[in-house]
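Read-outs: derived from the displayed coordinates by stated rules, not from any lab. Bear in mind that the values here come from a model prediction, so they are computed numbers and not experimental data. We place every Cβ from the backbone using ideal geometry, glycine too, and count neighbours over all the protein chains shown.
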Amino acid sequence: MALLAQCAAGLTLLTVCGALPVAMPLWLGIFLQGLLAAVYGAYWGMASWWRWIHALFPLAVWAMFSWHLPSEWYLLGFVLSVSLYWTSFRTQVPFFPSRPVVWQQVAQLLAPHQALRLIDIGSGLGDMPMHIAKSRPRSQVEGIEIAPLPWLISVLRAKFRRSDVSFRLGDYRALNFVDYDVIFAYLSPAAMLALWDKAQLEMRPGSLLISLEFDIPGVQPSRCLQSAQGSPALYVWEMT
Ligand SMILES: C[S@@+](CC[C@H](N)C(=O)[O-])C[C@H]1O[C@@H](n2cnc3c(N)ncnc32)[C@H](O)[C@@H]1O
């Protein structure tokens, strides 16, 4: 779809350029190519963040041809992108971190002094579980992450900070949720229905499923917290 939007923009631009009496300056061509692709992308229903990618892509192509960077840089960029985003083309859940205000909200939701088993499914760089573990030494706090680079960073950070959180590399869909009192998820709309089906099958009554930003269509949460600092909502389902 993205490629189609860029091609459609290129064809439109070529048609317009052909009809013009004077040559279009390069900078204007680059700008219009990005703008048109963003408009086509939006028209075809692509997510809003694609507009920025479409707008910047022609500039990146121009930079690639004019800067003549050694090809190793592209390989490095590719390897870094793959190890950060891994299978997000399949899971539809890319990496983007939650903010400290959210970690504090999650900590406040939990019963104080109770030893809990909590996991962040898709733990990214590991901040949320490490924050919880700091104030709950009796609890067992874990993270599971499918992408190697964020997982490795979370393991190194936990070692460096002497945190007790255990981070494992893997797919949360292969876990058994029955083992946990609290499951924290910051995923994407695409993952929520399957997550709910799994939670209903496996989570014990009284355990909590917490989702940042993304609700479960048609399922009323037990609580919904909105932070004053403009961060996204936190949805909580107490399993029955
Ligand atoms: C939006 S980020 C959230 C990161 C972290 N929980 C936080 O709050 O900062 C979602 C993370 O889930 C990971 N992820 C996506 N699908 C997964 C899966 N099936 N199993 C484990 N991790 C997954 C992604 O690689 C990504 O790092």
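Data table
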| read-out | value |
| --- | --- |
| Alpha-carbon Rg/Rh ratio, for the chain, with Rh computed the Kirkwood way | 1.09 |
| Total formal charge among the other residues, if their Cβ is under 14 angstrom from that of L152, Lys/Arg +1 and Asp/Glu -1 | +2 |
| For the chain, calculated [θ]222 nm from helices alone, where every DSSP H run of n ≥ 4 adds -39500 (n - 2.57) | -16000 deg cm²/dmol |
| Relative exposure of T12, T87, judged by other C-beta atoms within 10 Å (fewest first) | T87, T12 |
| Extension gain, W52 back to L4 (0.36 nm per residue minus Cα-Cα distance, nm) | 15.7 nm |
| Integer Hz, Karplus 6.51/-1.76/1.60 couplings in order for the stretch 198-210, x for Gly and Pro | 5, 5, 5, 5, 10, 7, 7, x, x, 6, 10, 10, 10 |
| For the stretch 115-207, with +1 on Lys and Arg beta carbons and -1 on Asp and Glu, the positive-most of I146, V165, M192 along the dipole | V165 |
| Signed unit charges on C-beta, dipole axis of the chain, positive-most listed residue A9, M239, Q92 | M239 |
| DSSP beta bridge pairing in the chain, given as percent antiparallel to the nearest 5 | 30 percent |
| Phi to ³J(HN,Hα) by Karplus 6.51 cos²θ - 1.76 cosθ + 1.60 over the stretch 163-178, Hz, x for Gly, Pro | 8, 7, 5, 9, 10, 10, 8, x, 9, 4, 5, 8, 7, 9, 5, 4 |
| Whole-Å semi-axes of the ellipsoid equivalent to the stretch 100-238 (Cα gyration tensor, √5λ, descending) | 22, 17, 15 |
| Rounded to whole Å, sorted largest first: equivalent-ellipsoid semi-axes of the stretch 1-122, Cα gyration tensor | 42, 19, 13 |
| 10 Å Cβ shell holding at most 11 others, DSSP loop, trypsin sites (Lys or Arg not before Pro): longest site-free stretch of the chain | 1-137 |
| Additional length obtainable on full extension of the chain from Y43 to W27, 0.36 nm per residue less Cα span | 3.3 nm |
| Gained length - L152 relative to L84, 0.36 nm times residue gap less alpha-carbon distance | 23.5 nm |
| Taking the chain and dividing mean pair separation by its residue count, relative contact order in percent (alpha carbons under 8 Å, at least six apart) | 13 percent |
| Debye log10 I(q)/I(0) at q = 0.20 Å⁻¹ for the stretch 165-234, Cα point scatterers | -0.92 |
| Cα convex hull of the stretch 2-68 - mean projected area over all directions, nm² | 4.6 nm² |
| C-alpha long axis of helix 148-160 to longest principal axis of the chain, angle in ° | 50 degrees |
| Under 13 Å, Cβ to Cβ, from V102 - net charge with Lys/Arg +1 and Asp/Glu -1 | -2 |
